[in-house]
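Just below is one structure, and these are the notes that go with it.
The values are calculated or read from the model by the stated rules, or taken from the named source; none is laboratory data. It should be emphasised that the depicted structure is a prediction, and the values quoted were computed from it without experimental measurement. Counting neighbours? That spans all protein chains shown, and the Cβs are built from the backbone with ideal geometry, glycine included. To get the accessible areas, we keep the full protein, side chains included, count just its heavy atoms, and leave off ligands, DNA and RNA. Shrake-Rupley method; radii C 1.70, N 1.55, O 1.52, S 1.80 Å.
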Amino acid sequence: MIVMKFGGTSLGNTERIKGVGEIIRKHLDRDPLVVVSAVGGVTDLLVEVLKKAGEGTVAFDEVHDIHYRIIEDLSLDETVFSMDFDEMKRILIGISYLREVSPRVEDMFLSFGERLSAKILARHLTRTGVEARMCPAYDYGLLTDSTFGNARVLEESYREIPKRIKDVEGVPVVTGFIGKDRNGNITTLGRGGSDYTASIFGAALGAEEIQIWTDVTGIMTADPSVIERAESIEHLSFREAGELAYYGARVLHPSTIMPALKKGIRVRVLNTFDPDKPGTVITEHAVSSERGIKSIAYKENQVLINVESTEMFMAYGFLARIAEAFARHRVVLDMISTSETTVSLTAAPGQEIEAALREIESFASVEVDYGKTILCVVGERIPEAGNVASRMISALEREGIKLEMISQAKIGINISVLINDEDIEKAVKALHAEFFEKRADA
Ligand code: ADP
Ligand code: ASP
Ligand code: MG
């Protein structure tokens with residue numbers, strides 16, 4: 001069997017949903033399980049509508065109309081959806097009275113995006129002759145912890161999913177992005193989390209392939225919305241794809257690779273609007289590429305933290321004390337660099353950082369700088385290629401871009417630099433030109 005995940009852009013309107021139906025039909029001989037995101041733009045809209053409700057205004061019409069138009073155009077039975085719309089509206093009215101949205105209620109409300117799109121697609125498939133069932137992921141074994149907004153999937157999901165999915169008649173159309181915790185509360189897996197759902201179902205069911213259908217032809221040499229000349233990459237290793245996803249290549253949610261890697265399941269990233277193109281295949285092994293680097297990625301809006309020892313030159317245990325403070329507050333650190341008396345680190349912004357910094361301030365002086373971007377080049381062959389770091393740094397310096405930190409490990413498959421957010425576009429363009437547009441010596 002295969003897993004086919006369709007993102008929001010692939011489900012943006014009636015025509016696109018019909019197109020998705022055709023793609024699924026062509027893959028019926030491979031026994032597909034389908035995973036869907038909400039209709040394009042709906043999750044953002046639900047976030048906005050919740051915010052307004054928290055301020056006392058109920059604004060449900062646009063949410064209703066986007067879905068209703070599709071339901072009507074596809075000639076689906078409207079009454080099947082009215083309970084969902086009524087429930088959503090009741091929740092908004094409740095919130096508008098209370099003027100408060102808890103993370104638990106937010107996740108429950110956001111789940112309607114995927115519940116509606118899965119219902120729409122399953123009903124459309126059945127109406128057009130492909131027997132299909134809408135499957136809320138949480139009723140089919142997807143259990144998570146209770147971290148609302150960014151829940152982690154529990155191991156027992158891998159045992160529950162196969163037991164529950166086997167009795168589904170027809171093509172299962174599973175809701176991406178959502179699960180339930182042990183108390184029965186709906187949770188969400190973080191923005192873009194439907195890719196992760198696909199990978200979990202693929203791993204749990206021992207799929208032959210996990211297909212991520214999106215609006216671009218595979219993973220590219222850089223984000224095509226920034227670099228017009230970005231090219232599709234034929235093949236990536238799990239390590240390369242994992243690094244790219246972690247460092248901000250939105251095309252894959254960062255947690256997608258791990259479940260596939262553990263089970264050795266091939267992942268393929270494909271274009272819904274150009275379905276015959278092979279896209280990008282991600283497997284365990286690296287395929288040697290003529291170029292040292294495969295792609296460029298970046299993560300914006302990071303925090304740079306400089307810690308200076310106030311007591312003495314860096315004694316043993318100093319780095320450990322800093323790391324422990326961050327670990328206690330569950331702050332994930334990315335880049336790190338040390339000198340004799342200072343340690344520079346980067347992390348994503350958030351309240352946890354503030355708490356960790358208060359602890360560190362008791363034994364060191366701390367300086368914090370916001371608005372930084374980690375920019376990296378990724379490729380298994382970087383360590384052998386030799387001159388990647390020097391080419392990267394020169395290309396950025398030629399553009400007058402200030403580098404705040406530089407990091408390359410001996411066996412690492414990426415080289416990262418820290419720059420200011422406002423330099424991103426210029427920097428990505430400079431690196432793409434250096435590594436991918438200079439045919440002769442690239
Ligand atoms: P979906 O709705 O299918 O989940 P996303 O918007 O989450 O789609 O991801 C696809 C988008 O990811 C592309 O439109 C592209 O702009 C962006 N992207 C960022 N980096 C890359 C990359 N290296 N390769 C391809 N797309 C990328
Ligand atoms: N609908 C969710 C989001 O917009 C999940 C996803 O698209 O993968 O974040
Ligand atoms: Mg996505």
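By how many nm would the segment from Ile411 to Glu361 lengthen if fully extended, with 0.36 nm per residue of separation less the alpha-carbon distance?
14.6 nm
Name the chymotrypsin sites (Phe, Trp or Tyr not before Pro) in the stretch 350-441 that are in a loop by DSSP and that have at most 16 other C-beta atoms within 10 Å, would you?
Phe363
Just the number please: accessible area per residue for the stretch 135-178, 1.4 Å probe, all protein chains included, in Å².
43
May I ask you to list the lysines whose Cα is less than 26 Å away from that of Lys52, ignoring any residue fewer than eight positions away on the same chain?
Excluding near neighbours in sequence, the set is Lys89, Lys180.
Leaving ligands, DNA and RNA out of it, report the carbon-plus-sulfur percent of the accessible area of the stretch 98-150 at a 1.4 Å probe. Don't jump to the answer; show the numbers that get you there.
Numbers: 1020 of 2210 Å².
That fraction is 46 percent.
Putting +1 on Lys and Arg Cβ atoms and -1 on Asp and Glu Cβ atoms, find which of Val368, Pro136, Val388 reaches farthest to the positive end of the dipole of the chain.
Sorting the options by dipole projection puts first Pro136.
Specify which residue in the list Phe318, Pro254, Ile210 is farthest towards the positive end of the charge dipole of the chain, using unit charges on the beta carbon of Lys, Arg (+1) and Asp, Glu (-1), about the Cα centre.
Ile210
What is the helix-to-structure angle for 61-73, meaning the angle in degrees between its Cα long axis and the longest Cα principal axis of the chain, kept from 0 to 90 and rounded to the nearest 10?
Relative to the chain, helix 61-73 is tipped by roughly 60 degrees.
Cα-Cα over 21 Å: which of Lys299/Lys426; Lys263/Lys299; Lys262/Lys372; Lys18/Lys51; Lys402/Lys426?
Lys263/Lys299; Lys262/Lys372; Lys18/Lys51
Report the FRET efficiency, 1/(1 + (r/R0)^6), for Asp421 and Glu131, where r is their Cβ-Cβ distance and R0 is 56 Å, rounded to 0.05.
Once rounded, the FRET efficiency stands at 0.70.
Using a 1.4 angstrom probe with every protein chain in place, what is the largest-first accessible-area order of Val368, Val287?
Putting Val368, Val287 in descending order of accessible area: Val287, Val368.
Mind listing the phi-derived Karplus ³J(HN,Hα) values for the stretch 267-273, rounded to whole Hz, using 6.51, -1.76 and 1.60 with θ = phi - 60°, and x for any glycine or proline?
Result, ordered by residue: 10, 10, 9, 10, 9, 4, 8 Hz.
As a test of reading the structure, rank Met134, Met335 by solvent-accessible area (1.4 Å probe, protein chains only), most first.
These residues rank, largest area first, as Met134, Met335.
Using only DSSP helix segments of four residues or longer, with each worth -39500 (n - 2.57), what per-residue ellipticity at 222 nm results for the chain after dividing by its residue count and rounding to 500? Working shown, then result.
On the way: 14 runs with 169 residues, N = 442.
So the helix-based figure for the chain works out to -12000 deg cm²/dmol.
Would you mind working out the magnitude of the charge dipole of the chain relative to its Cα centre, with +1 at each Lys and Arg C-beta and -1 at each Asp and Glu C-beta, to the nearest 20 Debye?
Details: 51 positive and 68 negative charges, 203 e Å.
Rounded to the nearest 20 debye, it is 980 debye.
Using θ = phi - 60° and the Karplus relation 6.51 cos²θ - 1.76 cosθ + 1.60, list the HN-Hα couplings for the stretch 236-242 in order, rounded to whole Hz, with x at every Gly or Pro.
Rounded to whole hertz, the list is 9, 7, 4, 5, 5, 5, x.
Which far-off residues, 5 or more places away or on another chain, put their amide H under 5 Å from the one on Ile212, with H placed in the peptide plane?
Lys5, Arg268, Val269, Leu270
Compute the Rg/Rh shape ratio of the chain: radius of gyration over Kirkwood radius, all on alpha-carbon atoms.
Working: Rg = 23.3 Å, Rh = 23.4 Å.
Rg/Rh: 0.99.
When only C-alpha pairs under 8 Å and at least 6 residues apart count, what is the relative contact order of the chain, in percent?
13
Amide H to amide H under 5 Å from Gly371: which residues, 5+ apart in sequence or cross-chain, H placed 1.01 Å off N in plane?
Under 5 Å from the amide H of Gly371: Gln302.
Report the per residue volume, in Å³, of the convex hull enclosing the C-alpha atoms of the stretch 263-344. Intermediate values should be presented prior to the final figure.
On the way: hull volume 18.0 nm³, N = 82.
Residue-normalised Cα hull volume stands at 219 Å³.
Percent of Cα-Cα pairs more than 16 Å apart in the stretch 131-172, please. Please list the in-between numbers first.
Working: 348 of 861 pairs.
That fraction is 40 percent.
Across the stretch 339-345, in residue order, what do the Karplus-derived ³J(HN,Hα) couplings come to in whole Hz, using 6.51 cos²θ - 1.76 cosθ + 1.60 with θ = phi - 60° and x for Gly and Pro?
Couplings: 10, 5, 10, 10, 10, 10, 9 Hz.
Based on Cβ point charges of +1 for Lys and Arg and -1 for Asp and Glu, what charge dipole magnitude is obtained for the stretch 254-413 about its Cα centre, in debye rounded to the nearest 20?
800
DSSP loop (so not H, G, I, E, B), at most 12 other Cβ within 10 Å: list which GluC sites (Glu not before Pro) in the stretch 128-227 pass both filters. Kindly include the intermediate steps, with their values, before the conclusion.
Working: sites: Glu131, Glu155, Glu156, Glu160, Glu169, Glu208, Glu209; in loops: Glu131, Glu155, Glu156, Glu169, Glu208.
Passing both the DSSP loop test and the Cβ count: Glu131, Glu155, Glu156, Glu169.
Choose one answer from Leu205, Leu142, Leu154: the residue with the largest mean-square fluctuation in a GNM of the chain with alpha-carbon springs under 10 Å.
Leu154
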